[in-house]
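Where a number appears in this text, it was derived from the coordinates with a stated rule and is not lab data. The model shown is predicted, which means the values in this text are computed figures rather than measured ones. No Cβ is skipped: glycine too gets one built from the backbone with ideal geometry, and neighbour counts run over all protein chains shown.
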Amino acid sequence: MQLLERDNRATIFHTPGWLLALRQTYGYDPVVFTTSPPSQPLANGIVFCQIESWLTGNRLVSLPFSDHCEPLVEPCADPSEFVNLAALDKRRYVELRPVEWAPSAKSDQSGFREAEIFWLHRLDLSPSVDEIFRHFHTDCIRRKIRRAEKEAVAYEEGNNSELLESFYRLLLRTRRRHRLPPQPKAWFRNLAKFLGDSIKIRVASKNGQPIASILTFSYKNKLMYKYGCSDERYHRFGGMQLLLWRAIQEAKKKNCSEFDLGRCEWGNSGLRIFKDRLGASRSKLTYWRYQPRSLSAERGLQIARKVSRLCPPSFLQAAGSSLYRHFG
């Protein structure tokens, strides 16, 4: 914990609460690699989860279901100094998901290669609230916020079971709309259980009907947006825009320095543009993978994703509960 407190790169994804939620929900065992002697406090570390899957292969990932997880090591450090890559030939791959770290000429010799690319959006919260609002897109963000206020869209926040139920019903609807399996409800229950006050569920409602919801995390002086969902029949009321605006206002009151809006798929232009219109800066987020064997590490994952997309809507929830632990 001392390492997390003093290293500004640490996020909610490094915390024991996040790791406990992963273990409780998906059965992943966390492990930390460090060069620090056992008798001394941690001076550095890379946290992984061990994923054991007959479908997608056994692997080490830092970290599953986490947008990013910076290795808490010296910037020029070689991961092979921490992880004995030569001893990992029984695993399909080792994956790092850093924001800043990238293989140097030295570390490239250890075999890490580019695996996946995403966009990462982060909103600087140092300007005033009024300045941040002025940088929002006029039609898609500012007018939607004003529409939500004019239509008396109600706002609730907290970490209780009632809000979780509202959030999850909207999540199921959203995932069905995109023909994707939803995360198991146990995942969100465990996040609420192990992260406590660090997690907040925000729900927008119209005439008592939940129309949009987001899930945010706070850690140190940063706020993070992780999950969002909505009822498409009410998009015209600006529920999602209102929720993000309220989160930003709260973050400003708490003197947060940044609102991490999370990753989006490289080819997801709709989500990318939406986050751009919030005035967030966009950067490339690269996942790096060490793959000791020539066998494709993606085949099982591709099969699992294809199966989930072929499931009829009525079976998506069951498919999500069964398949998610293989995705990681």
Worksheet item: Short version: what are the Cα gyration tensor semi-axes of the stretch 1-85, square root of 5 times each eigenvalue, largest first, in whole Å?
Response: 22, 16, 12
Discussion item. Given an 8 Å cut-off on Cα distances and at least 6 residues of separation, report the relative contact order of the stretch 121-284 as a percent.
Written reply: 35
Worksheet item: For the peptides 35-42, 92-99, what is the packing order when you average, over each peptide's residues, the other Cβ atoms within 10 Å and list the highest mean first?
Response: 92-99, 35-42
Fill in: Stretchable slack from Gln209 to Asp130, in nm (0.36 nm times residue separation minus alpha-carbon distance)
25.4 nm
Worksheet, complete the sentence: Heads up, the stretch 121-284 by the C-alpha gyration tensor (a ≥ b ≥ c square roots of eigenvalues; a/c under 1.5 rounded, else a/b over b/c prolate, else oblate) looks rounded
Worksheet item: For the chain, what log10 I(q)/I(0) values come out of the Debye formula at q = 0.08, 0.14, 0.15 1/Å, with one point per alpha carbon and no solvent?
Response: -0.39, -1.21, -1.37
Worksheet, complete the sentence: Answer in debye to the nearest 20: the dipole magnitude of the chain about its Cα centre, from +1 Lys/Arg and -1 Asp/Glu charges placed on Cβ, is 1340
Item to complete: Rounded, prolate or oblate: pick one for the stretch 108-187, where a ≥ b ≥ c are the square roots of the eigenvalues of its C-alpha gyration tensor, a/c under 1.5 means rounded, and failing that, prolate if a/b is larger than b/c, else oblate.
Response: oblate
Worksheet entry | Computed lengthening from Trp54 to Glu5, 0.36 nm per intervening residue step minus Cα-Cα distance | 13.9 nm
Discussion item. Below 8 Å, C-alpha to C-alpha, sequence gap of six or more: please give me the relative contact order for the chain in percent.
Written reply: 25
Practice prompt. Would you mind checking the tilt of helix 239-253 against the longest principal axis of the Cα atoms of the chain, expressed as 0 to 90 degrees and rounded to 10?
Written response: 70
Response to the item:
Computed from the beta carbon distance with a Förster radius of 25 Å, FRET efficiency for Lys90 and Arg23 to the nearest 0.05 stands at 0.75
Discussion item. Just the number: Rg to Rh for the stretch 211-270, Cα atoms, Kirkwood Rh, two decimals.
Written reply: 1.01
